[in-house]
Structures are given as C-alpha cells and as structure tokens.
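Engineer: My structure is below; once you've seen it, I'll send some questions.
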Amino acid sequence: MRKPLWTLFLSFLLLQPAMAAKKIYVVTTLSTYADITARVGGDRVEVHAIVRGNQDAHFVRPKPSYAVMLQKADLFVSTGLDLELWAPTVVDRAGNPKIRSGQPGYVAAWDGIKLLDKPTVLSRSEGGLHIYGNPHITTNPLNLKVIAGNIVTGLEKIDPASSAYYRANLKAFRDEIDRRVFGDELVRLMGGTLLTRLANQGGLIDFLQKKSFKGKKMIEYLGGWLKEGMPFRGKTIVAYHKNWVYFQHLFGLRVLDYVEPKPGIPPSPKHVEELIREMRAQKVRVLMAANYFSAEKVHDICAKVGAVPVMVPMGVGGAGGTGDVFSLVDYWVSHLKAAFETVNTKKQESEKR
C-alpha cells in the first residue's frame with residue numbers, strides 16, 4: 001500500500017533536523033591539531049585526537065581503538081612528514097579509503113610551511129626521524145595559521161555549503177594568533193600579513209629596532225609573546241631533541257647542542273659527559289625538553305652544571321593550564337622566561353659572595 005504524499009513529506013521534514021545536526025567526524029594525530037580543528041570547525045565538527053599533549057608523536061603504538069576511530073572518520077589530519085610514521089599502519093587497518101593520503105578526507109598539516117633543518121642527504125643514519133626536514137611545525141605559533149587554513153580546506157571539501165562559516169572562523173583564529181604573537185598595537189600599525197612575513201624571514205626584530213613611528217622606535221610597539229620573549233632572545237640553551245627548531249627561529253634562541261646525539265638516538269654516557277663539559281665551558285644554564293623525555297636524565301644533567309630544567313608539553317593538554325593552543329604557547333614562553341630569570345638571580349647571588 002502506497003503512503004499518501006503528505007505523510008512522505010512529513011517524514012522528510014522530520015528528518016531534516018537530524019540531517020542538519022550530523023557533524024563532520026574528524027580524527028587528528030596531534031592534540032594541537034584537534035584544538036585548531038575545533039576552533040575553525042565550530043559546531044559543525046566532532047574532533048578526536050590520537051596523540052596526547054604529553055606523548056611523543058614519533059613513538060606511538062597503534063591500538064585497535066585508533067583504527068575504530070578512523071573507520072568512522074570523514075577527515076583525518078596528520079602532519080604529513082615523518083613525525084607519525086605509525087599513521088599509515090592505522091589507516092590501513094581502518095580500511096577507510098577516503099582518508100588515505102591524496103584523498104579528499106586527508107589533510108597534510110605541513111603543506112605550505114617552509115621546513116627547517118632539511119637534510120642535504122636523505123639517510124636514516126642521521127637519526128631516522130627527520131629525513132624530510134624538521135616535522136615539529138607546531139612550535140612556531142605562526143605556523144598554526146597555515147595549519148588552520150589546511151584544515152579548513154579539508155572541511156570545505158566535505159561540507160562546501162559551510163565554507164563561509166569555516167572561513168569566518170579561520171579569519172578569527174588567524175587574527176587572534178597575530179595579536180598573541182605581535183601585540184594589538186603593532187598589528188594595527190603594520191598588519192598581521194607583513195609582520196608574519198618579516199618574522200618568518202628572521203628580520204622582524206632588526207626592522208623594528210631600526211624604524212621609528214611618531215617619535216618612537218617601532219620596537220616599542222611590540223607586544224604579545226615576542227615582547228615577553230625578548231629577555232631570552234639571543235640566549236643559548238641546550239635542548240633534548242630537535243623539537244624546538246621553529247620556536248627557536250621565531251624567538252631568536254640559540255641551541256648549543258642536544259641531549260640526543262641525533263634525532264631519536266638515545267644519548268650514550270659518553271655523549272652526556274661531553275655535553276656537560278660543553279655546557280660548563282660555554283656557561284649554558286638552561287636545558288629545554290618536552291615533558292615526555294626522562295625527567296631524571298634532564299635533572300641529572302642540570303644538577304651537574306647548575307642549569308635550570310624547562311620541561312614543557314609539546315601539545316595541547318600535555319600539562320595543567322595548557323588546554324588550548326594559546327595557553328600552550330603561554331606556557332612555553334613563561335616557563336622559558338622564568339628559567340632565565342632564575343639563572344640571572346643565581347648569577348647575581350654568586351657575584352655578591
């Protein structure tokens with residue numbers, strides 16, 4: 001028996017709210033990508049991250065639960081380099097062809113970012129983890145603007161009708177990053193696009209120190225994270241792993257050496273001894289490490305040279321007070337600044353004796 005047309009029409013109307021409420025199911029490798037996706041996707045997305053903010057993304061053991069998540073995914077966001085070498089295995093196990101690399105449901109977060117530390121020879125003998133260039137792209141907050149754009153492009157492929165919504169959220173996110181990096185006043189004067197270009201080229205601070213506006217040096221208009229980080233600009237640290245290359249580039253940090261002799265290679269006792277001698281000789285008193293590395297080893301090295309350990313999470317949610325990308329960068333900058341203040345205090349106290 002055929003149903004009357006009015007009952008079919010009523011059934012269609014009743015289905016509309018459910019259809020409209022269906023969210024894009026997004027799975028990301030990093031918790032930082034998940035936070036960015038939630039910001040640009042808003043109420044149109046449901047987001048899940050595989051890697052916790054205090055977990056090493058290089059070394060994740062694929063679990064069945066990851067494949068289950070990816071089976072349902074409309075969009076998969078990964079760095080796209082050799083940070084998550086385990087990701088293709090999980091995608092294969094999921095059996096979801098639409099999220100494979102090169103398909104509409106896949107986003108390579110690194111696309112459009114100038115990679116640093118690109119090796120001249122592709123060889124796993126150099127540590128095996130960074131053969132295409134440094135994959136820790138999230139440590140420069142300016143890169144997050146590019147990553148957000150890549151995610152929005154992915155969302156638009158799945159949900160083109162909401163393009164204007166995603167683009168508005170993207171603009172708001174990028175504007176907020178600019179204000180956080182450079183400060184409101186400098187952004188109003190110069191615009192985020194020009195400031196970003198100068199910062200990525202490594203010439204922003206020199207430009208601001210040389211130029212004047214309305215009787216003031218432009219550097220006096222600088223605010224945000226870059227202003228807060230001025231006390232450690234030009235300073236030298238030791239790092240555990242090459243996590244911080246992009247952060248170094250933006251904030252003008254120098255790295256004397258690494259606890260790991262090469263990316264992913266555990267340090268031998270001989271290497272640690274040489275590093276300690278080097279730190280003493282060069283008077284380097286800050287050691288920065290992601291908080292998934294051995295706190296015991298970091299503190300042991302610091303104790304032997306009188307250095308200050310700075311152990312911070314790499315990703316969103318990796319420590320208390322790092323629930324989003326903005327508070328995460330706040331955490332990095334404030335902890336590094338505090339470490340150098342401690343070093344200066346110790347130095348002053350030593351000189352008084």
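The values are calculated or read from the model by the stated rules, or taken from the named source; none is laboratory data. Because the structure is predicted, anything quoted here is derived from the model rather than measured. Ideal geometry is used to build each Cβ from the backbone, glycine not excepted, and the neighbour counts take in all protein chains shown.
Engineer: Suppose the filter is free of Cβ contacts under 8 Å to residues at least 12 places away in the same chain and either over 17 Å from the mean Cα position of the chain (by Cα) or closer than 19 Å to PRO141 by Cβ (or both); does PRO269 pass it? First the steps, then the outcome.
Structural biologist: Details: free of Cβ contacts under 8 Å to residues at least 12 places away in the same chain: yes; either over 17 Å from the mean Cα position of the chain (by Cα) or closer than 19 Å to PRO141 by Cβ (or both): yes.
Yes.
Engineer: Checking LEU189 against (1) under 29 Å from MET279 (Cα atoms); (2) touching a helix residue (DSSP H, G or I) at 6+ places or on another chain (Cβ under 9 Å), only one condition comes out false. Which one?
Structural biologist: (1)
Engineer: Between residues in the stretch 26-37 that are within 18 Å of PHE59 (Cα to Cα) and touching a residue at least 60 places away in the same chain (Cβ under 8 Å) and residues that are polar (S, T, N, Q) and assigned to a helix (DSSP H, G or I), which pairs lie under 7 Å by C-beta distance while being six or more apart or on different chains?
Structural biologist: LEU30/THR138; THR32/THR138
Engineer: Is one or more of the residues making up the stretch 182-191 within 22 Å of LEU328 (Cα to Cα), surrounded by fewer than 17 Cβ atoms within 10 Å (Cβ to Cβ) and either in contact with a Pro (Cβ under 9 Å, 6 or more places away or on another chain) or in contact (Cβ under 8 Å) with a residue 12 or more places away in the chain (or both)? If you could, list the steps in order and put the result at the bottom.
Structural biologist: Start the filter on the stretch 182-191 by keeping residues that are within 22 Å of LEU328 (Cα to Cα), which leaves 182-184, 187.
Next, from what is left, pick out any that are surrounded by fewer than 17 Cβ atoms within 10 Å (Cβ to Cβ): 184.
Imposing the further condition that a residue be either in contact with a Pro (Cβ under 9 Å, 6 or more places away or on another chain) or in contact (Cβ under 8 Å) with a residue 12 or more places away in the chain (or both) reduces the set to 184.
Looking through the stretch 182-191, at least one residue is within 22 Å of LEU328 (Cα to Cα), surrounded by fewer than 17 Cβ atoms within 10 Å (Cβ to Cβ) and either in contact with a Pro (Cβ under 9 Å, 6 or more places away or on another chain) or in contact (Cβ under 8 Å) with a residue 12 or more places away in the chain (or both).
Engineer: Also, I was wondering about something else. From VAL91, VAL51, VAL68, VAL107, grab the single residue that is of a type in the set (Val, Ile, Thr) and farther than 24 Å from ILE137 by Cα.
Structural biologist: On the way: VAL91 fails: farther than 24 Å from ILE137 by Cα; VAL51 fails: farther than 24 Å from ILE137 by Cα; VAL107 fails: farther than 24 Å from ILE137 by Cα.
Being of a type in the set (Val, Ile, Thr) and farther than 24 Å from ILE137 by Cα holds for just one of VAL91, VAL51, VAL68, VAL107, which is VAL68.
Engineer: Okay, next question. Could you list, in sequence order, all residues of the stretch 103-130 that are farther than 15 Å from ALA57 by Cβ and at pLDDT 95 or above?
Structural biologist: As a first pass, look at the stretch 103-130 and keep what is farther than 15 Å from ALA57 by Cβ: 103-107, 111-127.
Residues satisfying the conditions are GLN103, PRO104, GLY105, TYR106, VAL107, ASP111, GLY112, ILE113, LYS114, LEU115, LEU116.
Engineer: Related question: Sort out which residues of the stretch 208-234 are in contact (Cβ under 8 Å) with a residue 40 or more places away in the chain and either farther than 14 Å from LYS337 by Cβ or over 26 Å from the mean Cα position of the chain (by Cα) (or both), and write them in order of number.
Structural biologist: Keep residues of the stretch 208-234 that are in contact (Cβ under 8 Å) with a residue 40 or more places away in the chain, which gives 222-229, 231-232.
Answer for the stretch 208-234, where residues must be in contact (Cβ under 8 Å) with a residue 40 or more places away in the chain and either farther than 14 Å from LYS337 by Cβ or over 26 Å from the mean Cα position of the chain (by Cα) (or both): LEU222, GLY223.
Engineer: Take GLU84 and decide whether it is modelled with pLDDT of 95 or more, surrounded by 19 or more Cβ atoms within 10 Å (Cβ to Cβ) and of a type in the set (D, E, K, R). Show your work before the answer.
Structural biologist: Numbers: modelled with pLDDT of 95 or more: yes; surrounded by 19 or more Cβ atoms within 10 Å (Cβ to Cβ): yes; of a type in the set (D, E, K, R): yes.
Taking the combined requirement at face value, the residue satisfies it.
Engineer: Filter the stretch 20-58 for residues that are under 17 Å from the mean Cα position of the chain (by Cα) and assigned to a loop (DSSP other than H, G, I, E, B); which is surrounded by the fewest Cβ atoms within 10 Å (Cβ to Cβ)?
Structural biologist: My answer is ASP56.
Engineer: Are any residues in the stretch 228-256 assigned to a loop (DSSP other than H, G, I, E, B) and out of contact with any Pro (no Cβ under 8 Å at 6 or more places or on another chain), and if so, which ones?
Structural biologist: Step one: of the stretch 228-256, the residues assigned to a loop (DSSP other than H, G, I, E, B) are 229, 233-235, 240-244, 252-253.
GLY229, ARG233, GLY234, LYS235, TYR240, ASN243, TRP244, GLY252, LEU253 - these are the residues of the stretch 228-256 that are assigned to a loop (DSSP other than H, G, I, E, B) and out of contact with any Pro (no Cβ under 8 Å at 6 or more places or on another chain).
Engineer: Among residues belonging to the stretch 10-36 that are in contact with a helix residue (DSSP H, G or I) (Cβ under 7 Å, 6 or more places away or on another chain) and of a type in the set (D, E, K, R), point out the one that is modelled with the highest pLDDT.
Structural biologist: Among them, the one singled out is ASP35.
Engineer: Enumerate the pairs (first residue in the stretch 155-167 and of a type in the set (S, T, N, Q); second residue anywhere and in a helix (DSSP H, G or I)) with beta-carbon separation below 6 Å, excluding pairs fewer than 6 apart on the same chain, so at least 6 apart or on different chains.
Structural biologist: As it stands, the answer is SER162/ARG44; SER163/GLU156, since those pairs meet every condition given.
Engineer: Quick one: in the stretch 128-157, which of the residues that are of a type in the set (A, V, I, L, M) and more than 12 Å from the chain's Cα centre (by Cα) is surrounded by the fewest Cβ atoms within 10 Å (Cβ to Cβ)?
Structural biologist: Among residues in the stretch 128-157 that are of a type in the set (A, V, I, L, M) and more than 12 Å from the chain's Cα centre (by Cα), the one surrounded by the fewest Cβ atoms within 10 Å (Cβ to Cβ) is ILE131.
Engineer: Are any of the residues in the stretch 294-305 of a type in the set (Val, Ile, Thr), without any contact (Cβ under 8 Å) to a residue 40 or more places away in the chain and either part of a strand (DSSP E or B) or farther than 28 Å from GLU228 by Cβ (or both)? Write out each step before concluding.
Structural biologist: The first filter runs over the stretch 294-305 and keeps only residues of a type in the set (Val, Ile, Thr), leaving 298, 301, 305.
Then keep just the ones that are without any contact (Cβ under 8 Å) to a residue 40 or more places away in the chain; that gives 305.
Those left that are additionally either part of a strand (DSSP E or B) or farther than 28 Å from GLU228 by Cβ (or both): none.
Scanning the stretch 294-305, I find no residue that is of a type in the set (Val, Ile, Thr), without any contact (Cβ under 8 Å) to a residue 40 or more places away in the chain and either part of a strand (DSSP E or B) or farther than 28 Å from GLU228 by Cβ (or both), so the answer is no.
Engineer: Looking at the stretch 187-207, which of the residues that are closer than 26 Å to LYS283 by Cβ and in a helix (DSSP H, G or I) is nearest to the chain's Cα centre (by Cα)? Give the derivation first.
Structural biologist: Just the residues of the stretch 187-207 that are closer than 26 Å to LYS283 by Cβ, to begin with: 202, 205-206.
Applying the additional criterion that residues be in a helix (DSSP H, G or I) yields 205-206.
Values: ILE205: 22, ASP206: 25 Å.
Ranking the qualifying residues of the stretch 187-207, first place goes to ILE205.
Engineer: Just one of the numbered conditions (1) among the aromatic types (Phe, Trp, Tyr); (2) closer than 28 Å to GLY320 by Cβ; (3) surrounded by fewer than 20 Cβ atoms within 10 Å (Cβ to Cβ) is not true of TYR66; which one?
Structural biologist: (3)
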